[in-house]
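Working notes, beginning with the structure itself.
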Amino acid sequence: MKKRVGILTSGGDCPGLNATIRGVAKALYHRFGDDVEIIGIVAGYHGLIHGEYHMMKPSDFSGILNVGGTILGTARTPYSKMKVIEDDKIDKVQNMITNYKKMKLDCLLTLGGNGTHKTSNLLAEQGLNIIGLPKTIDNDIFGTDVTFGFHSAVNTATDVIDRLHTTATSHKRVMVVEIMGNKAGWLTLYSGIAGGADVIIIPEIPFTLDKILAAVERRIGRKKGFSVIAVAEGAMDKKEAKMKKKERLAYRAENGESTVTNRIVRYLAEKGELDCRAVVPGHFLRGGPPSAYDRVLSSQFGAYAAGLVAQEKYGVTVALKNNQVCDNPLKEIAGKTKFVDPNDQLIATARDVGTAFGD
C-alpha cells in the first residue's frame, strides 16, 4: 500500500530547509521505494489553504543539500488568524482539512518555527496526521536543544561581527549591530561570543543605557579605541521590560524610535560623544547555504521523520536532546518559547571573559 506524504515549509526561510526536505525524501524512498508518493505544498499553509501543490519526483530532491532557501517556497500565515474568517470569506482551517483529504495524504510534514508548530498542533487536534520539524534561526522552539538554521545564522552573524571589528578599529568607532531575534536572544548570544562582541544585549536581560555607556567608557579607559555591541532586535530596557507589547510600541512611537538599536546609537553619540554607527545585516542572516553542522542536523531530522512515517507515529515534532534525535508531542511544545536563562552557563562564560550585558 502506497504512502502519500505531504511536505510544506512555513514562516521565515533559513538555511537547512532544503537539506531537511532532501533528508525526508531520500529516507522515505529508501524505506518505501516506489510505494511512496511525496506531495510538495507550495508557500506553506497558504498553499494548503488554497490547494496549491504538486506531485514530486526523486530528481526534485537532488542537488539541494547545500542550497539555501526552500524549493517549496514559504509564507507567513499567522496562527492568530487561522480561525478568523476575513474578507475573503475563507474558512482556513476547514480548507486545510479539505485539501489534506483531497490530496489523499497519509500524513503531512510541516517544517517551521513556533507559529508553524501551533498551527501543526491545531491540525493534529482536528484529526490530521502531522509531524513537525523544528526550523528557526532563533533557536527558540521549546523541547529541542537546537533547531536547523540556527548554526548557519550564527556563522553568518559572526562573520558580520568579525568584519565590523576591523572597520571599528580603523576609525575608532562604536559599531552597534542588530541581530535578528525578536523574543529570544540565542542568536545574538552565540554570535556575540563567537565574534568577540564587547557588549551583548538580549531580550532576556533588560538593559540600561548608562550601563552600556559605562562598558564602552571602561574600554576607552583601557586604551581600547573601539567597541562592538551586538543587540538582539527584541531587546528592551528595564523600563520597557515592565510593559506589555502594545505599551512598548506606543512608548517607542512617542519617542520617535523605530528600534532599540537606534536608541543605543543616539544615546552613545549624544551622552558619550562617541562616533557610533548602526549596522543591520537583516535577511543576510537567513540567506546562503547551510553550514556543515546544519546539513548533518537536517539530514538527521529528515531521516528520523521518515522513520516516524513508517511507524505511523503522528502528532509529534522532531527534536534533539542530549545529542540524540527524538520526538516531542506537539501539544506539549506548541505555543511555548525556549528563552535564554539569564543564569545559563553561556552567560556566565561571556561575563567571565569581560563581556557586558548592559545590566
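Numbers below:
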quantity	calculated
Descending semi-axes in Å of the chain, equivalent ellipsoid built from Cα gyration tensor	41, 22, 17
Average accessible area per residue (Å²) across region 236-359 - probe 1.4 Å, nucleic acids and ligands excluded	56
Relative pair counts by distance (%), Cα atoms of region 16-143, 5 Å bins	2, 10, 20, 24, 20, 14, 7, 2, 0, 0
Given charges at Cβ of Lys, Arg, Asp, Glu: the chain dipole, positive-most of GLY69, GLY282, VAL265	VAL265
At q = 0.19 Å⁻¹, base-10 log of I(q)/I(0) for region 203-263 (Debye sum, equal scatterers on each alpha carbon)	-0.75
Long-range amide H partners of GLU52 with built H, under 5 Å	VAL42
Sequence-distant residues sharing a close amide H with ILE179 (under 5 Å, placed H)	VAL231, ALA232, GLU233
Cα-based shape type of region 11-54, given that a ≥ b ≥ c are square roots of the gyration tensor eigenvalues and the cut on a/c is 1.5	oblate
Range of Cα positions in region 248-359 per principal axis (Å), largest first	63, 36, 32
Area of GLU270 that stays accessible when all protein chains are in place (1.4 Å probe, Å², to 10)	130
Lys, Arg +1 and Asp, Glu -1 on Cβ, resulting dipole of region 1-120 about Cα centre, debye, nearest 20	280
Convex hull volume per residue for region 1-75, taking Cα atoms only, in Å³	73
Accessible-area composition of region 252-305, carbon plus sulfur, in percent [1.4 Å probe]	53
Antiparallel content of DSSP bridges confined to region 20-150, in %, to 5	40
Per residue, in Å², the accessible surface of region 41-155 once ligands and nucleic acids are set aside, probe 1.4 Å	41
By average C-beta atoms within 10 angstrom, highest first, the peptides 68-76, 280-288	68-76, 280-288
Antiparallel %, DSSP beta bridges [both residues in the chain], to 5	25
Where Rh is the Kirkwood radius over Cα pairs, Rg/Rh for region 139-291	0.97
Over 18 Å (Cα to Cα) - which of LYS92/LYS331; LYS118/LYS183; LYS101/LYS336; LYS2/LYS118 fall in this group	LYS92/LYS331; LYS101/LYS336; LYS2/LYS118
For SER227, residues with placed amide H under 5 Å, excluding near neighbours	ARG173, VAL174, MET175
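The values are calculated or read from the model by the stated rules, or taken from the named source; none is laboratory data. Keep in mind the model is a prediction, meaning the values are calculated, not measured. In this analysis, Cβ positions are derived from the backbone assuming ideal geometry, glycine residues included, and neighbour counts consider all displayed protein chains. These area figures cover heavy atoms from the full protein model, side chains too; ligands, DNA and RNA do not enter into them. Shrake-Rupley method; radii C 1.70, N 1.55, O 1.52, S 1.80 Å.
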